[in-house]
Amino acid sequence: MKYEFTADFAERADGLDALSHYRKEFLIPQHKNEDCIYLCGNSLGLQPKNLKANILKELDEWGKYGVDGHFDAEKPWFDYHKRLLGPTANLMGALKTEVGHMNSLTTNLHLLFASFYRPTKERYKIICEAKAFPSDNYMLESQVNHHGFAYADAVIEVSPREGEHTLRMEDIQKAIDDHSENLALVFFGGVNYYTGQLFDMKSITEWAHDAGAYAGFDLAHAAGNVPMQLHDWDVDFAAWCTYKYLNSGPGGISGYFIHDFHAQNTSIPRFAGWWGYTEKTRFKMEHGFEAIPTAEGWQLSNAPILNMAAHEAALDWFEKAGIQNLRDKAQNLTGYLEFVLDQVSSNHNVNFETITPLNQRERGCQLSVLTGSNGKELFDFLTEEGVVADWRDPNVIRMAPVPLYNSYTDIYRLGMKMEKFFES
Ligand SMILES: *Cc1c(COP(=O)(O)O)cnc(C)c1O
């Protein structure tokens with residue numbers, strides 16, 4: 001794509017974009033009677049217009065059937081959760097027997113660790129990325145402490161090299177090699193929340209397995225952002241939230257993945273509950289847990305139908321648009337953002353440094369930009385002008401043009417607002 005920083009170019013690019021019609025399926029927050037320039041889908045995705053009706057439908061069913069809705073509702077609640085498996089499997093490159101939905105992300109990570117982090121005196125170390133999302137860090141700290149290990153000894157953080165912002169794959173590989181004798185688990189984000197770096201999950205998984213360790217991923221910033229092949233890559237387990245790129249509402253239900261290889265193995269230790277129990281005999285309510293031999297065998301509680309109704313409606317757009325098409329558009333649109341930022345910085349001699357990898361294969365749709373000394377003033381000005389982005393101290397602005405609902409015109413308008421700031 002040959003970019004230009006003009007209204008005409010943005011309009012033409014939107015006209016040629018085969019996915020542009022999805023924007024009207026979302027509620028765009030308003031600012032002074034205009035659409036906000038919403039670049040925060042990496043934090044909370046926008047509301048799909050079909051979502052409310054899908055929730056209201058289940059409220060109606062509850063009103064109409066009471067408890068009998070479990071079997072008599074048009075979409076019976078007893079196995080409502082299965083409606084999510086097909087679309088989620090397509091999205092994550094998984095089998096339907098490898099995915100499930102329950103709780104929230106951090107909770108699910110703890111539950112997955114109960115199965116996949118069972119350290120011994122010899123093998124107890126976890127390799128992760130430095131500056132992981134804080135909740136992941138607290139999760140890791142409390143997990144190793146729970147097993148009687150000290151964070152400083154048990155958790156190996158791979159850091160960027162001096163003067164660099166992102167991780168080098170060879171440094172991840174080296175850390176795995178260096179600790180292979182004591183390694184229990186390699187646990188990484190799919191896309192780092194701060195830098196937007198997309199990790200090569202396939203290689204990380206291979207290296208972890210070569211070292212005799214499991215590979216698990218937090219896919220909060222990867223799900224709905226980049227195509228994945230969790231099954232083919234032999235990833236052991238993963239979990240993600242659904243309120244970021246997946247647009248399923250604040251605190252929405254979390255998804256999880258357990259490779260078939262493990263999911264079929266009902267003897268893997270886990271923290272169990274009745275919704276993971278074999279369906280045929282579940283309601284006999286007998287002692288002695290018998291796991292469903294799929295990822296569903298990790299479910300604890302009966303399904304939160306209203307959250308699942310939200311997620312079902314939101315997933316529909318990924319089924320319709322296709323994650324690979326979304327990825328293709330995201331690369332063009334994020335490339336346009338990069339181009340516009342370059343134009344603004346050269347027009348006004350300001351120093352924006354993109355800390356997200358410039359190589360498109362190493363990033364999703366987020367750009368994190370180190371701003372100069374007046375970065376916070378710029379950010380506040382943009383906020384006043386109806387731009388919704390994200391500020392991280394000391395001076396990083398994170399922006400995520402989301403292919404389902406952001407347009408080239410959004411990016412052009414953003415650039416013009418930046419021009420206005422630097423001209424004033
Ligand atoms: C957003 C995010 C979370 C949030 O966890 P919740 O349990 O859903 O509150 C956790 N980890 C990562 C990497 C995230 O990006």
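Read-outs throughout are calculated quantities, based only on the coordinates presented, and are distinct from any laboratory measurement. Bear in mind that the values here come from a model prediction, so they are computed numbers and not experimental data. Positions of Cβ are generated from backbone atoms using ideal geometry, with glycine treated the same way; all protein chains shown enter the neighbour counts.
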With Rg and the Kirkwood Rh both taken from Cα atoms, where does Rg over Rh land for region 54-320?
-> 0.99
Report the label-to-label distance for E122 and S135 in nanometres (one decimal), using points 7 Å from each Cα along the Cα→Cβ vector.
-> 3.6 nm
Would you kindly derive the ³J(HN,Hα) couplings of region 156-171 from the backbone phi angles with the Karplus curve 6.51 cos²θ - 1.76 cosθ + 1.60 (θ = phi - 60°), listing them in order in whole Hz, with x for Gly and Pro?
-> 9, 8, 8, 10, x, 6, 3, x, 10, 10, 10, 8, 8, 4, 5, 6
Modelled FRET efficiency - R0 35 Å, D316 with Q30, Cβ distances, 0.05 increments = 0.90
Separation between the D79 and S373 pseudo-spin-labels, each 7 Å from Cα along Cα→Cβ, expressed in nm?
-> 6.6 nm
Residue separation between N359 and D68 times 0.36 nm, minus their alpha-carbon distance, gives in nm 99.4 nm
Based on the Cα atoms of region 1-88, what semi-axes does the equivalent ellipsoid have, where each is the square root of 5 times one gyration tensor eigenvalue, given in whole Å with the largest first?
-> 39, 16, 11
Taking N as the residue count of region 106-163, its alpha carbon Rg divided by 2.2 N^0.38 Å gives 1.14
The chain: angle of helix 51-65 to the longest principal axis, Cα-based, in degrees nearest 10 = 30 degrees
Between N90 and E11, 0.36 nm times their residue separation minus their Cα-Cα distance comes to what?
-> 25.3 nm
Peptides 226-232, 405-411: what's the order by average Cβ count within 10 Å, highest mean first?
-> 405-411, 226-232
Where a ≥ b ≥ c are root eigenvalues of the Cα gyration tensor, a/c under 1.5 meaning rounded, otherwise prolate if a/b exceeds b/c and oblate otherwise, region 57-152 counts as prolate
Take every DSSP beta bridge whose two residues both sit in region 54-320, then give the antiparallel share in percent to the nearest 5.
-> 40 percent
Spin-label point model (7 Å from Cα, Cβ direction): what's the T107 to M416 distance in nm?
-> 4.5 nm
Cα-based helix-to-principal-axis angle, 201-210 vs the chain, degrees rounded to 10 = 40 degrees
Take the alpha-carbon centre of region 140-164, take the same for region 79-96, and report the distance between them in whole Å.
-> 33 Å
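Which whole-number value in Å³ per residue fits the convex hull of the alpha carbons of region 236-353?
165 Å³
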Surrounding charge for V396, neighbours by C-beta under 14 angstrom, Lys/Arg +1, Asp/Glu -1, total +1
Note the angle between two axes, namely the Cα long axis of helix 134-146 and the longest principal axis of the Cα atoms of the chain, as a number of degrees from 0 to 90, rounded to the nearest 10.
-> 30 degrees
The summed charge of the G415 Cβ neighbourhood (under 13 Å; Lys/Arg +1, Asp/Glu -1) stands at -4
Pull out the extension gain between N349 and D380, defined as 0.36 nm times the separation in residues minus the alpha carbon to alpha carbon distance; nm, one decimal.
-> 9.2 nm
